[in-house]
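One structure is given here, and the rest of the page talks about it.
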Amino acid sequence: MKNIQINIKHLRTLKKFSQERFAQELNWTRSMIGSYEEGRSEPPIDRLIDLSDYFKLPIDILVKNDLSQAKDTSFMHIGNQRLLFPISVDENDEELIEIIPTKASAGYLAGYADPEYIEQLQKIKLPFLPTGTHRAFPIKGDSMLPVKDGSYIVAKYVDDINDIKDGRTYIVLTKDDGLVYKRVYNRIAENQTLLLSSDNKTYDPYEVPIQQVLEVWEFTCCINTQEYDEKELKLSSIMTMFRELQVELEAVRKMS
């Protein structure tokens with residue numbers, strides 16, 4: 001159980017606690033902390049439960065994984081616990097992002113909380129991204145035109161679902177539908193739901209109870225894998241013009 005020795009010290013350091021202060025937090029003795037961190041003894045199951053409860057981390061993550069490369073911001077909330085997905089870096093210490101392959105996107109619902117699944121994902125470097133944990137998700141269908149089928153949405157992990165901003169686009173992982181890319185409206189205060197809307201208005205908006213929501217990722221950028229032809233660009237411009245015109249008409253109607 002070498003990992004637990006490393007992890008106790010690292011997690012204590014993330015909290016900026018001395019051994020004495022950490023012992024007080026856990027209701028242990030300072031000598032226990034020192035013994036576990038130096039590998040002179042191993043914590044029994046009741047002590048592991050103490051650590052799991054305190055850090056909201058599953059016991060198997062504490063025991064099986066070396067958490068020493070993780071920053072505090074790389075802890076991701078899954079339900080009432082946190083799983084660790086350390087931000088990956090290349091040989092130049094530059095951050096990498098994981099790519100969810102199109103063929104594997106259906107399996108993301110089963111693997112999103114599995115460190116081994118996340119670890120095996122391919123990674124790329126996008127140096128222009130803001131700080132935070134990012135992933136690239138494949139887009140299927142035409143519900144979010146002009147974003148084309150086969151494109152990738154690069155998105156930033158949202159720590160708190162209450163931070164969702166009305167009208168912005170998000171990747172949403174739900175228990176029933178898996179991964180979807182939609183324009184989202186926060187209805188948590190009114191009825192504990194999110195309203196998911198497509199930009200292609202042939203698809204009706206729908207509400208999702210927040211209990212069904214497993215992850216939310218906010219749009220950062222789009223990577224198109226196909227070239228737009230001239231007709232598509234004109235169609236997109238026309239649709240945008242009509243949407244803006246409708247807003248103007250609504251404004252005039254209200255004033256009159």
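List the strands (runs of 3 or more DSSP E) that sit entirely inside the range 162-202 and contain at least 3 residues that are open to solvent by 20 Å² or more (accessible area, probe 1.4 Å). Steps first, answer last, please.
Values: elements: 168-174, 178-187, 193-197.
The strands (runs of 3 or more DSSP E) meeting that bar are 178-187.
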Residue match in the range 58-70 (condition: in a loop (DSSP other than H, G, I, E, B), open to solvent by 40 Å² or more (accessible area, probe 1.4 Å) and touching an Asp or Glu at 6+ places or on another chain (Cβ under 9 Å)): no
Search result, residues across the range 6-23 that are open to solvent by 60 Å² or more (accessible area, probe 1.4 Å) and either under 18 Å from Ser68 (Cα atoms) or acidic (Asp, Glu) (or both): Lys9, Thr13, Lys15, Lys16, Ser18, Glu20
Residue selected from the range 82-135 under the condition touching a helix residue (DSSP H, G or I) at 6+ places or on another chain (Cβ under 8 Å) and part of a strand (DSSP E or B), by the criterion modelled with the lowest pLDDT: Leu84
Contacts under 7 angstrom Cβ, first residue in the range 204-219 being more than 26 Å from Ile97 (Cβ to Cβ) and at pLDDT 95 or above, partner among the aromatic types (Phe, Trp, Tyr) and open to solvent by 40 Å² or more (accessible area, probe 1.4 Å), 6 or more apart: none
Selection from the range 24-43 of residues that are touching a Phe, Trp or Tyr at 6+ places or on another chain (Cβ under 8 Å), closer than 16 Å to Tyr54 by Cα and open to solvent by 50 Å² or more (accessible area, probe 1.4 Å): Glu25
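If the requirement is being without any contact (Cβ under 8 Å) to a residue 24 or more places away in the chain and either closer than 30 Å to Asn65 by Cα or β-branched (Val, Ile, Thr) (or both), which of these qualifies: Gln120, Gln192? Break it down into steps so the answer makes sense when it comes.
Details: Gln192 fails: either closer than 30 Å to Asn65 by Cα or β-branched (Val, Ile, Thr) (or both).
On inspection, the qualifying residue turns out to be Gln120.
Kindly indicate the residue of the range 46-70 that is more than 21 Å from Ile161 (Cα to Cα) and out of contact with any helix residue (DSSP H, G or I) (no Cβ under 8 Å at 6 or more places or on another chain) and also modelled with the lowest pLDDT among those meeting that condition. Quick ask: steps written out before the conclusion?
Step one: list which residues in the range 46-70 are more than 21 Å from Ile161 (Cα to Cα), which gives 46-54, 58-70.
Narrowing further to those that are out of contact with any helix residue (DSSP H, G or I) (no Cβ under 8 Å at 6 or more places or on another chain): 46, 53, 60, 69.
Details: Asp46: 94, Asp53: 88, Asp60: 81, Gln69: 67.
Looking at the filtered set, the residue picked out is Gln69.
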Yes/no for Lys9 being under 22 Å from Glu119 (Cα atoms) and over 26 Å from the mean Cα position of the chain (by Cα): no
Close pairs from the range 28-50: first under 13 Å from Gln5 (Cα atoms), partner β-branched (Val, Ile, Thr) and crowded, with 17+ Cβ neighbours inside 10 Å, Cβ under 6 Å, at least 6 apart: Tyr36/Ile8; Glu37/Ile8
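The values are calculated or read from the model by the stated rules, or taken from the named source; none is laboratory data. This structure is a prediction, so every number in the text was calculated from the model and none was measured. All Cβ positions, even for glycine, are placed from backbone atoms using ideal geometry, and neighbour counts span all protein chains on display. The area values use the complete protein model at the heavy-atom level, side chains included, leaving out ligands, DNA and RNA. Shrake-Rupley method; radii C 1.70, N 1.55, O 1.52, S 1.80 Å.
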